[in-house]
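Each reported figure results from applying straightforward, stated rules to the coordinates on display, with no laboratory input. From a predicted model like this one, the values you see are computed outputs, not experimental measurements. So basically every Cβ, Gly included, is an ideal-geometry build from the backbone, and we count neighbours across all protein chains shown.
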Amino acid sequence: MQYENLTVAFDNAIATVTLDRPDVRNAFNEAMIAEITSVFRAMNERDDVRAVVLAANGKAFCAGADLNWMKKMAAYSDDENRADAMRLADMLASIYRCNKPVIARVNGDAYAGGMGLISACDIVVAVDTAKFCLSEARLGLIPATIAPYVIRALGEQASRRYFTSAEQFDCATAYRLGLVSECVSADKLDETLQQIAATLCANGPHAVKACKQLVQDIAGQELNAALIEDTAARIAQIRASAEGREGVASFLEKRSPSWPA
């Protein structure tokens, strides 16, 4: 399938979704939002894909929302404006809820909604020259739609600062705060990403999906009897599965696992 604002490529078990509006620093408009949502929802149905890379063409990763689109939306009715905002929210949720691990390949600056994109990913590998900024307050706006993801990634205290100050911060700071998983030189960006992707693909595919879901379901939950019972049920179910049995058997027999389909 052809896209106007993205490219999608497959290499073995890795899908790479690349933002492709470099002339506007990969800022997203309604068309790009629809394409990203469609692509990530489709990834859920592909058993041949084990991990998804979210990348970008050009010098910047993503400048956030296209301001011409934002200006147009400001003139819409309240109902139209809310519906459009929900499409943006659905895009972010499609990345966050993708049943494959999503790795952000951050080749350059990520501003505003671009911060939302990477915060919705599971792993973020960024070039050490990248700059990050929640710039909405400079424009009299707020990072509302991206907030559920950014606050999870940055933490509440850092979010209080960077939401309100709209300060730019560097990759080393993003790494220290936990937004970025790996901060590397440009010549190590793809090598590092490929190593992480290969590690993911070596693991049990159903276990990887279940691990991602486990984190999303349990993060922030109160430690109570219901949670303890839920986690016990999850391990009981997966260790009795064909994949769980094969993983344990292969370890005991000192061989590589042959994961069932």
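Within 12 Å, Cβ to Cβ, of Leu227, how many net charges do the neighbouring residues add up to if Lys/Arg are +1 and Asp/Glu are -1? Around Leu227, the surrounding residues sum to -3. Once C-alpha pairs closer than 8 Å and six or more residues apart are averaged by separation and normalised to the residue number of region 6-200, the relative contact order reads 19 percent.
Inter-part distance, region 11-64 to region 218-261, computed on C-alpha centroids, equals 31 Å.
A Gaussian network model of the chain, with springs between Cα atoms under 10 Å, assigns the largest mean-square fluctuation among Val24, Val215, Val39 to Val215. Within region 48-140, report the chymotrypsin sites (Phe, Trp or Tyr not before Pro) that DSSP leaves as loop and that have at most 14 other Cβ atoms within 10 Å. Filter output for region 48-140: Tyr76. Full extension of the chain between Lys59 and Asp23 yields a length gain of 12.0 nm, computed as 0.36 nm times the residue separation minus the alpha carbon distance. Evaluated over the Cα positions of region 1-144, the convex hull gives a direction-averaged projected area, one quarter of its surface, of 8.6 nm². Measuring from a point 7 Å past the Cα of Met86 along Cα-to-C-beta, which residues in region 11-31 have an amide N at less than 18 Å? Zone members listed by number: 30-31. For the chain, modelled as a Gaussian network with Cα springs under 10 Å, which listed residue fluctuates most, Leu223, Leu92, Leu193? Highest fluctuation of the listed residues: Leu223. Counted over the chain, the DSSP beta bridges are approximately 30% antiparallel. By the Cα gyration tensor, the chain has an equivalent ellipsoid whose semi-axes, rounded to whole angstrom, run 33, 21, 19 from largest to smallest. Applying the criteria of a DSSP loop state and at most 16 other Cβ atoms within 10 Å to the trypsin sites (Lys or Arg not before Pro) of region 75-116 yields Arg97.
Gain on full extension, evaluated as 0.36 nm per residue between Ala31 and Ile235 minus their Cα-Cα distance, stands at 69.3 nm. Under a Gaussian network description of the chain, with springs only between Cα atoms under 10 Å, the residue in Ala172, Ala219, Ala83 that fluctuates furthest is Ala219.
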